[in-house]
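Worksheet: the structure to be examined is printed underneath.
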Amino acid sequence: MRKWLGMMALGCVAALNMGCQTTDPYTREKKPSNASTLAVSEGVKCGTLALVSGALSGNNRAVEDAAIMAAVCAGTGALAGAALDEQERRLLAELEAAGVKIAVRQYNEVLEVESPIVFSSNSSILEGASYRKVVAIGKVLAKYNEKPVVIIGHTSSEEPKTIGDRRAKAVRDTIWKFAGSVKVATKNQGSSQPLGDNASQTGRERNRRVGVFIRLGSGNSPSS
């Protein structure tokens, strides 16, 4: 039995490594991808069934057979997970083709715009590269209007918290100019989640930002 448990543990570790990990954009914790999660669950399920079945039938190779079944099922689970992870591949590709760098987060269920959308001090007006980036996001989301979006506003420490809310809503309103049917929620974190040191000008510039997260959903296809 110890040998069986050891082989199962190795199989689970291998599956997790194969599926890699993603980061929850809200807690910043590392989490396994869909591929690794399905690999582990399918491997354990199939391996356990094979072990019980073999023991009941008097099979002397029950442990070895169970380990083999676990490995096979883990591979199948990983493939299924990879297929789920790729359902939104076209959306990801179109955003990146539009010049919007994207990271896949939170069990591969969230797309995060990697480069923050930044603002001038005490301003909620989108300008320059930030405006062009939001326009690109809006144009792509016009074809994927079933994907809900979360927009989070931030400020540097010397700014009033209310500016974070205005920044998030400025990004939302610009997206709606091109994708009016997209469901958008806005949040305001103020200066509670700094990217840079508020003691420096460069750090404050990094903190005057908005984060954009696109929630994925299984089976949704772009609208025509």
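Rule-based calculations on the coordinates, nothing more; no lab input. Note that the structure is predicted; figures quoted are calculated from it, not measured. We place every Cβ from the backbone using ideal geometry, glycine too, and count neighbours over all the protein chains shown.
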query = What is the packing order of peptides 90-102, 152-164, 200-212, taking the mean over residues of other C-beta atoms within 10 Å and listing the highest first?
reply = 152-164, 200-212, 90-102
inquiry  = Counting each pair of different Cα atoms once, what's the Kirkwood radius of the range 105-224 in Å, rounded to one decimal?
reply    = 14.5
ask   = With labels modelled as points extended 7 Å from the Cα through the Cβ direction, what inter-label distance (nm, one decimal) is found for Glu146 paired with Arg90?
value = 1.1
query = Considering amide H positions built from the backbone, and no H for Pro or chain starts, which residues 5 or more places from Ser115, or on another chain, come under 5 Å of its amide H?
reply = Lys101
task = Please list the non-local residues whose amide H lies under 5 Å from the amide H of Lys187, H modeled 1.01 Å from N, same-chain partners needing a gap of 5 or more.
result = Ile151, Ile152, Gly153
task = Kindly rank 175-183, 112-120 from highest to lowest mean number of other beta carbons found within 10 Å of each residue.
result = 112-120, 175-183
